[in-house]
Amino acid sequence: MSLLRYEDRPVDIRPGETVLEALLRAGIDAPHSCRAGNCQSCMHRAIDGAPPPESQSGLADAQRAMGYFLPCICRPTTPLTILRPDDLNASLEAIVRAIDPLSEDIIRLRVEADGFAYRPGQFIELSAGEDLRRHYSLASHPEEDPFLEMHIRLHQDGRMSRHLAETLQPGDKVHVAGPSGSCFYEGVNVDQPMLLIGAGTGLAPIYGVLRDALHKGHRGPIRLYHGARSRKGLYLSDELRALSDARDNFNYRPCAFDPSAPHGGDVAATALEAERNIADAAIFLCGGENLVKRLKRELFMRGASLKNIRSDVFTLSG
């Protein structure tokens, strides 16, 4: 078996040869310049297999976790399937498998897209027509689910969300592109405390990250705060409570708006009141821009390292 595949094409790579040298010898127009790992113009991404650590020198932690590497200094010893970064956002056809209500204004959409590689918690672009394109985060797990799962809020005048809820049927075709974002578990130490805070459908990426952490045997404490406008918006609460009861290192705290509750049920205030020792925690924040900015600022002021904070900011879209 060839050690190297470029998209669906096997590429012969000789002993001691770099990936870039093999691509160029095979007639593939791979971008490059310095050939020394400095300019990063040759950067590709491995969608299957692990690039040697030395081939990821100088890249950001999130880039390394997502499989990006520099072909000009990469001499693989195990099989790799690679793509150019420009090809990663190519649109793939997907089949709708299920559309289910999670609450009175949130639906769960599951679609199947063969060969779509992602990390739980990343987001994708979903296209249901030429002028119907939106970004949604993934709550599914590629090693546990045969589908991509999105949690979508229904907006009264939202063209996309209403189309998905009222027109789309199982068996219909849509398109997905991506993935994007660095809100995923890779890079977290298994003994590191984890703090997960999400509001509304910001639970989707948080839930994906949680599932991946547990799938990978995370040993450190995991605390999840989910905020909603009302108790009806605290979807998946039964599943999360059951998980909290079953796992000694996982704690779930739902926060619904309630003037009589401490802090009015505000998820940010509740989490900030409870979380005091966060200097070494891996922190994931998902929700509206104001919420994420507020939490980032407050947590940083309390000693959290910005490099340990990953976020997924949701913008209002229908």
I'd like the residue in the range 1-29 that is assigned to a loop (DSSP other than H, G, I, E, B) and closer than 25 Å to Arg119 by Cβ and, out of all such residues, is most open to solvent (accessible area, probe 1.4 Å). Asp8
Among the residues of the range 307-317, are any part of a strand (DSSP E or B), within 24 Å of the chain's Cα centre (by Cα) and modelled with pLDDT of 90 or more? yes
As an exercise: evaluate Arg276 against (1) open to solvent by less than 80 Å² (accessible area, probe 1.4 Å); (2) of a type outside the set (S, T, N, Q); (3) in a loop (DSSP other than H, G, I, E, B) and give the number of the one condition it does not meet. (1)
Residue that is modelled with the lowest pLDDT, among those in the range 143-154 that are loosely packed, with under 15 Cβ neighbours inside 10 Å and touching a helix residue (DSSP H, G or I) at 6+ places or on another chain (Cβ under 9 Å): Glu143
Please determine, by comparing only the residues of the range 30-48 that are over 28 Å from the mean Cα position of the chain (by Cα) and open to solvent by less than 80 Å² (accessible area, probe 1.4 Å), which one is nearest to Ile82 (Cα to Cα). His32
Can you run down the residue pairs with Cβ atoms below 8 Å, 6 or more apart or on separate chains, where the first is in the range 192-214 and free of Cβ contacts under 8 Å to residues at least 12 places away in the same chain and the partner is of a type in the set (Gly, Ala, Ser) and open to solvent by 10 Å² or more (accessible area, probe 1.4 Å)? none
If you take the residues in the range 49-76 that are in a helix (DSSP H, G or I) and open to solvent by less than 10 Å² (accessible area, probe 1.4 Å), which one is farthest from Ala22 (Cα to Cα)? Ser55
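The values are calculated or read from the model by the stated rules, or taken from the named source; none is laboratory data. These numbers come from a predicted model, not from an experiment. Note that we place each Cβ from the backbone using ideal geometry, even for glycine, and neighbour counts take in every protein chain shown. Note: accessible area is taken over every heavy atom of the protein model, side chains too, but ligands, DNA and RNA are not part of it. Shrake-Rupley method; radii C 1.70, N 1.55, O 1.52, S 1.80 Å.
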